[in-house]
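The values are calculated or read from the model by the stated rules, or taken from the named source; none is laboratory data. Computed from a predicted structure; not experimentally measured. As a convention, Cβ positions derive from the backbone with ideal geometry for all residues, glycine included, and neighbour counts pool all protein chains shown.
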C-alpha cells in the first residue's frame, strides 16, 4: 500500500516537473510560483549591493534567502527522486538513471541554485563568489519559459547554418584585421599595434558597435572600414533572418504537435462518454487543451454538439 502511494506521488511529481509533459493547471501554477520566487530572490541579491537598502532590509533579505534556498533544495531532491518516471528512458534505472539525470543541464542548474548555501555552510568561498552564484539562479527561469525552449529548438535545427555563418564572420575578422594592420600600423603604431589589436577593431565594426577607441585615419583604411561595416550589417541581417524563419517554422511545428495531442485526447474522452457524461480523466495526459488552455471535456462536448448540428436529420 505504501509503495503504491509512493509510486503514485512520484508519478504526479514527474508530470509537474518534466518539461516534455503537457502543462497541467498544477504545473502552470507551480512554474509561475517558482519563477516569481526566482525573480524576487535575484532582485534581493542585486539590491543587497546598495548599502542604504541593505542596512534597512538586511533581515528580510536573509529570511528570503533562507526560504528560497530551502525551496530550491527540496525541489532539486524531488526532481531527482521523480526522474525515474520521466519519459526519457535513460532515467528508468533507480540508481544509474537518477545519476544520469543529475548530469543533465537543467539538473546542474538546479544544483547551482542550492550550491551557494552548501558552500556557505562549509565556508568554502567568499561572499562575492556566493553572490555571483546566487545570481546564476536566473538560469532556472529558462526551464519555465516556453520561449527559451523554442529558441533552443531553433538553434539545434539551424546548428549547421549557424556554424557556417560564424565561420564566415571569423574569416572576415581575420582578413579585415590583417588589412587594417597593414594600412594603419604606420600612421597609428600605438593603436593598431598588432593584428590581434586590429582584429578587435574588426569585431567592433562588424557588430556595428563602434566604441570609437580605434578609428582608421588613412584613406585606404577608411575605405576598408566602410566595406567591413557594410559586410557586418549584411551578416547580422542574414543571421537575424535565419533565426526568424527557424523560429516561425518551429512555432508552426509546435502548434501542429499540440493540435495532434488535443485531437487524440478529445477522441479518448469521447470514447469514455456514457449517458451524456464524460468519465473522469485518468490518462497520463492532463484534462486541459495544451493549445488553448480550455478543459478538454468542454472542447469534446462542443465538438460533439457541432457535429450533431451539421449532421442530417
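Among the residues in region 65-87, are any at negative phi, surrounded by fewer than 18 Cβ atoms within 10 Å (Cβ to Cβ), at pLDDT 85 or above and part of a loop (DSSP other than H, G, I, E, B)? Checked region 65-87: no residue is at negative phi, surrounded by fewer than 18 Cβ atoms within 10 Å (Cβ to Cβ), at pLDDT 85 or above and part of a loop (DSSP other than H, G, I, E, B).
If you go through region 171-191 and keep only what is surrounded by 14 or more Cβ atoms within 10 Å (Cβ to Cβ) and closer than 14 Å to residue 222 by Cα, you end up with 176, 177, 179, 180, 181, 182, 183, 184, 185, 188. Using the structure shown, decide if residue 123 is in the same structural domain as residue 14 (by TED's automatic domain parsing), part of a loop (DSSP other than H, G, I, E, B) and modelled with pLDDT under 85. Answer is yes for this residue. Can you find a residue that is farther than 28 Å from residue 264 by Cα and either in a helix (DSSP H, G or I) or more than 27 Å from the chain's Cα centre (by Cα) (or both) anywhere in region 21-31? No.
One line per residue, one yes/no per condition, for (1) assigned to a helix (DSSP H, G or I); (2) within 25 Å of residue 149 (Cα to Cα); (3) more than 25 Å from the chain's Cα centre (by Cα); (4) at pLDDT 85 or above:
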site	(1), (2), (3), (4)
215	no, no, yes, yes
221	yes, no, yes, yes
241	yes, yes, no, yes
257	yes, yes, no, no
260	yes, yes, no, no
263	yes, yes, yes, no
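With respect to the conditions (1) exposed (fewer than 14 other Cβ atoms within 10 Å of the Cβ); (2) touching a residue at least 12 places away in the same chain (Cβ under 8 Å), residue 51 lacks only one, and its number is (2). Picking from residues in region 7-20 that are touching a residue at least 24 places away in the same chain (Cβ under 8 Å) and either under 25 Å from residue 136 (Cβ atoms) or within 17 Å of the chain's Cα centre (by Cα) (or both), the one that is surrounded by the fewest Cβ atoms within 10 Å (Cβ to Cβ) is 20. When region 126-170 is limited to residues that are assigned to a loop (DSSP other than H, G, I, E, B) and modelled with pLDDT under 75, the one that is surrounded by the fewest Cβ atoms within 10 Å (Cβ to Cβ) turns out to be 126.
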